[in-house]
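Structure first, commentary second.
Laboratory data are not the source of any read-out in this text; all were calculated from the coordinates shown. If you're wondering where the values come from, they're calculated on a predicted model, not measured in any experiment. Quick reminder, even Gly has a Cβ in these numbers, built from the backbone with ideal geometry, and neighbours come from all protein chains shown.
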Amino acid sequence: FEADTGKQLWAKQSKISPLTLAAQGDHVYYHDGEHIVAVHQNTGEATWTSDPVTRRQSFTFNFGPRLVAWNDVVLYAGGDGKMISLDAADGTRLWESEHPNSGYQSPQDLMVLNGLVWCAPTTSGKDSGVFTCRDPRTGEVKKEFAPDIDTYWFHHRCYIAKATDNFLIPSRTGIEFVDPEKEHWDIHHWVRGGCLYGVMPCNGLTYAPPHNCACYPEAKLFGFNALAPAAATRPVPGTIPEEGRLQTGPAFDTVLAAADATPTDDWPTYRGDQQRSGTTTKPIDAEVAKQWTVKLGGRLTSPVIAAGTVYVAQTDTHTLFALDEISGQQKWTFTAGARIDSPPTVSRGRVVFGGADGWVYNLNAADGALAWKYRAAPLDRRTMAFEQLESLWPVHGSVLIRDNVIYTVAGRSNFLDGGLRLLRLDLQSGKKISETIMDHTNPATGNNLQEVLQILQMPVGLPDILSADDKFVYMKSQKFDFEGNRLEIGPNSGDFATQASKQRGEGAHLFAPMGYLDDSWFHRSYWVLGQS
């Protein structure tokens, strides 16, 4: 087709192997199942057809040969352990070499970077990962180097590697940025790409699309993410001044209600209690009838009920509704600065919740007036998320309240924007009691946290609604004491043979590796009653 007008220039019927169509200069190249074929892009007339080239016998759904047109050569790998180079002018075979297995349940890799063709055995965790680069014209080996890091290599992720002008980007465990000049591997086990295709490095960013991976579920990113290198001009300071973080409202001087003011058969927090058990001791009649219906519209959180009032948030309009438990009549509303993804927690006459704007809000339950709000985010920096502005450090709506102390987490990942922050705030005053930073550093050694992993698991790196029992606070499988100190940085186990033994005993609790709020019905997700 003509690019400017869309006019069809020619059509040609031919067998074409998946993924082999390539264009350079005035020619188009492809593999027809047996040969490499070159046709003129303006006429479709064949310029040359190569001698037969070998290939894998069967083309499964997750495989296709690789063909790269670069300068005056056409490079080809058919999945049978061989790579060949043809002269782009006439299809003459220039050289042939071994081509090691790469990828996993996906096409293999064939990449040209800085005028050299690169490949490495990366399919299995036992493979060496040694990158070899050759002259595309002669096949002469120009450089070889092995990984310079000691880490657990799983099988290569189920998609192809990528390359930029500066990096080779395989995905032996997550994604790795390999600098061929410095011969250095920079690992990111917490990033995944989509099946077969992988990630896309472009525009100075790395685009990581949704994926079906079940490895490292408590640490890897979900959804569609655009990742950038840390900006030297915009560091996130370790110590944040308290000035401006706490803001008081008209209900600040309202005293807390009596500690026993909430009936025991209420449902004052997400899933009913601190354990997130989803159970109640109140008898439920065998026959139940609808008492009232209120149409609020939009996407709603689950509700909570306390002292005769139902609280539910309309997530995308940032609005919290308070409704009369008996009649459904609206008592008041409050609008926060960003999405509210889960219901508030009600304690001693206060309604407390977090927002995607990075703030924790404390309202008077009687009239919805603001008592105080506290910026759990270290700084006021925004990002676009699902068509709305959010803080780089959002806070889940549902917070944990225990003994007049609010526990909550701000952030998106241990590995992004300075990490996660576990905060403890005083219920009455909003003053910060403590702030624990959880970033990419292993506090025991000072090294990268990714040194602590076991097969399918690595330390918890994603936030979630917190839970608690009478001994610990939990974020997924990660334990904390009530002073906010991180305990037993995991994983507890990633080995199938020993995993079961880590599920019982002290510290066993109900958690969701993919997050309590995951509503995707991902077929590889599950909940756990255990430790790991």
The size of the Cβ-based charge dipole (Lys, Arg +1; Asp, Glu -1) of segment 22-227 about the Cα centre, to the nearest 20 debye, is 620
What does the charge count near Pro513 come to, summing +1 for each Lys or Arg and -1 for each Asp or Glu among other residues with Cβ under 13 Å from its Cβ? 0
Mind computing the radius of gyration and Dmax over the alpha-carbon atoms of segment 412-532? Å is fine for both. 14.8, 49
What percent does the relative contact order of segment 22-227 come to when contacts are Cα pairs within less than 8 Å and at least six residues apart? 11
Taking Lys373 as the anchor, which lysines have their alpha carbon closer than 20 Å to its alpha carbon, excluding any fewer than eight residues away along the same chain? Lys431, Lys432
Provide Rg and Dmax in Å for segment 169-228, with only Cα atoms included in the calculation. 11.4, 34
Arrange the peptides 162-173, 240-251 so that the one whose residues have, on average, the most other Cβ atoms within 10 Å appears first. 162-173, 240-251
Among all the lysines, which ones have a C-alpha under 16 Å from Lys479's C-alpha, if same-chain residues fewer than 8 places away are not counted? Lys471, Lys502
At each listed q (0.14 Å⁻¹), what is the log10 of I(q)/I(0) that the Debye formula gives for segment 22-227 modelled as equal alpha-carbon point scatterers? -0.84
So how strong a dipole does segment 335-417 carry about its Cα centre when Lys and Arg Cβ are +1 and Asp and Glu Cβ are -1, to the nearest 20 debye? 180
Relative to the Cα centre, what is the charge dipole magnitude of the chain, using +1 at the beta carbon of each Lys and Arg, -1 at the beta carbon of each Asp and Glu, and rounding to the nearest 20 debye? 680
Taking amide H positions as placed in the peptide plane 1.01 Å from N, state which residues far from Gly33 in sequence (5 or more) or on other chains have amide H under 5 Å from it. Ser17
If all Cα-Cα distances of segment 77-141 are sorted into 5 Å bins from 0 onward, what percent lands in each bin, rounded to whole numbers? 4, 17, 27, 26, 16, 7, 3, 1, 0
Counting only residues 5 or more places away or on other chains, whose amide H sits under 5 Å from the amide H of Gln275 once H atoms are built in the peptide plane? Ala468
Links exceeding 25 Å between C-alpha atoms in this model, out of Lys220/Lys295; Lys126/Lys162; Lys82/Lys143; Lys82/Lys182, come to Lys220/Lys295; Lys82/Lys182
Convex hull per residue volume in Å³, alpha carbons only, for the chain: 204
Positive dipole terminus of segment 22-227, leading residue within Gln108, Val68, His189 (C-beta point charges): His189
Per the Kirkwood formula over distinct C-alpha pairs, the hydrodynamic radius of segment 282-330 in angstrom is 12.0
Sorted by packing (mean other beta-carbon atoms within 10 Å per residue), highest first, where do 397-404, 50-57 land? 397-404, 50-57
Using only the Cα atoms, work out Rg/Rh for segment 136-210, with Rh taken as the Kirkwood radius, to two decimals. 0.99
So what is the orientation-averaged projected area of segment 1-104, using the convex hull of its C-alpha atoms, in nm²? 7.2
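Please report the net charge: other residues with Cβ closer than 10 Å to the Cβ of Phe472, K and R +1, D and E -1.
Within the 10 Å Cβ shell, the charges total -3.
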Roughly how far apart, in whole Å, are the Cα centres of segment 208-252 and segment 332-401? 15
Among 505-513, 41-49, how do they line up by average Cβ neighbours within 10 Å per residue, starting with the highest? 505-513, 41-49
Put one equal scatterer on each alpha carbon of segment 339-456, apply the Debye formula with no solvent term, and list log10 I(q)/I(0) at q = 0.11, 0.14, 0.24 1/Å to two decimals. -0.40, -0.62, -1.29
Take the alpha-carbon positions of segment 328-379, form their convex hull, and give its projected area averaged over all directions (one quarter of the hull surface) in nm². 3.9
Among Leu456, Thr123, Tyr361, whose Cα projects farthest towards the positive end of the dipole of the chain, with charges put on the beta-carbon of Lys, Arg (+1) and Asp, Glu (-1)? Tyr361
Per 10 Å bin, what percent of the C-alpha pairs of segment 277-388 does each bin hold, from zero upward? 13, 42, 31, 11, 2, 0
Counting only DSSP loop positions in segment 196-283, the chymotrypsin sites (Phe, Trp or Tyr not before Pro) whose Cβ has at most 13 other Cβ atoms within 10 Å are Phe224
